[in-house]
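**Student:** This is the structure, below, for whatever I ask next.
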Amino acid sequence: MELKSPAMFIGVHGEGIISFGSGQPDLPPPKEVCSVVPQQKAFKYGLIQGNENLRHELSKQEQFKGTDQDNFVITNGASEAIDLVLRSFGSGKVLLHAPYYYSYPPVVKAAGMKPVYTQTLINSPSNPTGRIQDVNTLKEIEKLTTDLGIVLISDEVYKDLIYERQNYMLSGPHVVTVNSFSKTFAMCGLRVGYLYSNDKSIVNEVIELKTHTSMNTNILAQDMAYEALKAPHTYVEKQHKIWQERRDLIYEGLCDLGLELWKPEGAFYVFPKVKNPKKMVWDLYKKHKVITYLGEWFGDSERIRLSYALDKAEIEEGLKRIGKYLGQ
Ligand SMILES: Cc1ncc(COP(=O)(O)O)c(C=O)c1O
């Protein structure tokens, strides 16, 4: 049995497989997104920092009111934003909350830095727990890191997917905000994300690194992201309702199967505690054609992670198969 990393499951589908694996929305992006495709005429290199209209539109968002478009960099998803900002530091320690999104430790190490684990949360709502951090705790983290002069990377890719409780957007000269069009706008394959920092020296370092690595982010995808941002907000509200119904279905289904788990407050993941997670993930895949992820990849070896980015019928079928595995 070899369960090395999520790579063995990413993109695996068909043949009756129910995948609770990848966190990729199955719902369509806003319809406006495709309107720009037939008109695309520009095929030359784009600005390394990102299309001006997209950066301008981002700077007008409520969270960034009064900021400057020059403090944004458009990246190949939030993934590249996190990678570039860490590599621009290149040495030192990174305090990570546990459990964490599985890519954090590898990119921290690839940047020549050392991961140090705590229970602190700055990916709110979180992948894999779906939980939202307490507002006062976030404010304390914000203050403490300001006082100590520590850079705070706030991964906000799930900030629009909140079902209960209030979230708090970290800000300040030491905060690097990372976000993406992958989740809110269901555009993960287009690979558009961004980072924002008040600190121009961080922004410039990232641009310099990007100049010598991926160069500009795909210009057509950026135009599509621009359309998504301008689409009526009802798109996000409609998606939200669907996600919440799915959350209720999977949460109640897993509780009925006797599993112990937190009720997710945001994002689209559940993280139940199970007996023998390795055997469960392996047998569910090999014997029941159900993909789940090992909690160990997220820093918790007693759990498994399930993404509920599937329609209700598939969630119900998946729950049935999990019930069968559990002998129910
Ligand atoms: C917490 C978190 N950050 C970043 C990413 C990467 O997102 P992107 O598709 O924008 O690279 C993911 C994807 O699942 C995620 O869960």
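The values are calculated or read from the model by the stated rules, or taken from the named source; none is laboratory data. None of these values were measured; they are calculated from a predicted model. Positions of Cβ are backbone-derived with ideal geometry, glycine not excepted, and every protein chain shown enters the neighbour counts. Remember, those area values only see protein heavy atoms, side chains included, never the ligands or the DNA or RNA. Shrake-Rupley method; radii C 1.70, N 1.55, O 1.52, S 1.80 Å.
**Student:** Output the 0 to 90 degree angle, nearest 10, between the alpha-carbon long axis of helix 312-325 and the longest principal axis computed from the alpha carbons of the chain.
**Tutor:** So the helix axis and the longest Cα principal axis differ by about 50 degrees.
**Student:** To the nearest 20 Debye, how big is the dipole of the range 83-158 about its Cα centre, given +1 on the beta carbon of each Lys and Arg and -1 on that of each Asp and Glu?
**Tutor:** Numbers: 7 positive and 7 negative charges, 57 e Å.
In debye, rounded to 20, the range 83-158 gives about 280.
**Student:** Hand me the trypsin sites (Lys or Arg not before Pro) from the range 1-89 located in a DSSP loop with no more than 10 other Cβ atoms within 10 Å, in residue order please.
**Tutor:** Counting only loop positions with at most 10 other Cβ atoms within 10 Å, the trypsin sites (Lys or Arg not before Pro) in the range 1-89 are Lys4, Lys41, Lys44, Lys65.
**Student:** Too long at a 27 Å Cα-Cα cut-off: which of Lys238/Lys312; Lys93/Lys200; Lys238/Lys286? Don't skip to the end; give the middle numbers.
**Tutor:** Numbers: Lys238/Lys312 15 Å; Lys93/Lys200 22 Å; Lys238/Lys286 35 Å.
In this structure, Lys238/Lys286 exceed 27 Å between Cα atoms.
**Student:** Let me ask something additional. With charges only on Cβ, +1 for K and R and -1 for D and E, what is the dipole size of the chain about its Cα centre, in debye, rounded to 20? Mind dumping the intermediate values first?
**Tutor:** Working: 39 positive and 39 negative charges, 155 e Å.
I would put it at about 740 debye.
**Student:** Over all Cα pairs of the chain, how is the pair count split among 10 Å bins, expressed in % and running from 0 up to the last occupied bin?
**Tutor:** Reading the bins upward from 0: 6, 26, 33, 25, 10, 1.
**Student:** Can I ask one more? Probe radius 1.4 Å, ligands and nucleic acids ignored: give me the carbon and sulfur share of the accessible area of the chain as a rounded percent.
**Tutor:** Details: 7960 of 15140 Å².
With neighbouring chains kept in place, the figure for the chain is 53 percent.
**Student:** At 1.4 Å probe size, put Tyr158, Tyr251 in order of accessible surface, largest to smallest. Let's see the in-between values first.
**Tutor:** On the way: Tyr158 5, Tyr251 50 Å².
Heavy-atom accessible area, descending, gives Tyr251, Tyr158.
**Student:** Have a look at Ser201, Leu3, Phe64 and report the one farthest towards the positive end of the charge dipole of the chain, computed about the Cα centre with Cβ charges (Lys/Arg +1, Asp/Glu -1).
**Tutor:** Sorting the options by dipole projection puts first Leu3.
**Student:** If one takes the longest principal axis of the Cα atoms in the chain, at what angle in degrees, from 0 to 90 and to the nearest 10, does the Cα axis of helix 77-89 lie?
**Tutor:** Approximately 60 degrees, to the nearest 10.
**Student:** Then there is this: Mean separation of Cα pairs under 8 Å and 6+ residues apart, divided by the residue count of the range 162-270: what relative contact order is that in percent?
**Tutor:** Numbers: 75 pairs, mean separation 29.7, N = 109.
Dividing the mean separation by the residue count of the range 162-270 yields 27 percent.
**Student:** Now a separate question. Rounded to the nearest 5, what is the percent of antiparallel bridges among the DSSP beta bridges in the chain? Before the final figure, lay out each step's value.
**Tutor:** Numbers: 16 of 27 bridges.
Beta bridges within the chain, antiparallel portion: roughly 60 percent.
**Student:** Whenever you get a sec, line up Met280, Met215 from highest to lowest accessible area (probe 1.4 Å, protein heavy atoms).
**Tutor:** Values: Met280 5, Met215 65 Å².
Putting Met280, Met215 in descending order of accessible area: Met215, Met280.
**Student:** Report the charge-dipole magnitude of the range 194-328 in Debye, nearest 20, computed about the Cα centre from +1 at each Lys and Arg Cβ and -1 at each Asp and Glu Cβ.
**Tutor:** Charge dipole of the range 194-328: 620 debye, to the nearest 20.
**Student:** Students often get this wrong, so check it: of Lys65/Lys241; Lys31/Lys230; Lys241/Lys263; Lys44/Lys230; Lys241/Lys320, which have C-alpha atoms separated by over 18 Å? Working shown, then result.
**Tutor:** Working: Lys65/Lys241 27 Å; Lys31/Lys230 11 Å; Lys241/Lys263 16 Å; Lys44/Lys230 24 Å; Lys241/Lys320 24 Å.
Distance filter (> 18 Å) returns Lys65/Lys241; Lys44/Lys230; Lys241/Lys320.
**Student:** With a ≥ b ≥ c taken as the square roots of the eigenvalues of the C-alpha gyration tensor of the range 266-328, please select rounded if a/c is under 1.5 and otherwise prolate if a/b is larger than b/c or oblate if it is not? Could the numbers behind the result be given before it?
**Tutor:** Details: a/c = 1.89, a/b = 1.10, b/c = 1.72.
Oblate, because a/c is 1.5 or more while a/b does not exceed b/c.
**Student:** Helix 219-230: angle to the longest alpha-carbon principal axis of the chain, degrees 0 to 90, nearest 10?
**Tutor:** With rounding to tens, the tilt is 80 degrees.
**Student:** If you bin the C-alpha pair distances of the range 173-282 every 10 Å from 0, what whole percents do you get?
**Tutor:** All Cα pairs, binned at 10 Å, distribute as 11, 27, 27, 22, 12, 0 percent.
**Student:** For Ser19, which sequence-distant residues (separation of 5 or more, or a different chain) have an amide H within less than 5 Å of its own amide H, given hydrogens modelled in the peptide plane?
**Tutor:** Long-range HN contacts for Ser19: Ile291.
**Student:** For Leu96, what residues show an amide H to amide H distance below 5 Å, using hydrogens built from the backbone and excluding near sequence neighbours?
**Tutor:** HN-HN under 5 Å from Leu96: Val116, Tyr117, Thr118.
**Student:** Using only helices, what value at 222 nm comes out for the chain when you add -39,500 (n - 2.57) per DSSP H run of length 4 or more and divide by the total residues, to the nearest 500 deg cm²/dmol? Provide the component values of the computation, followed by the final result.
**Tutor:** Values: 9 runs with 115 residues, N = 328.
Only helices count here, giving -11000 deg cm²/dmol.
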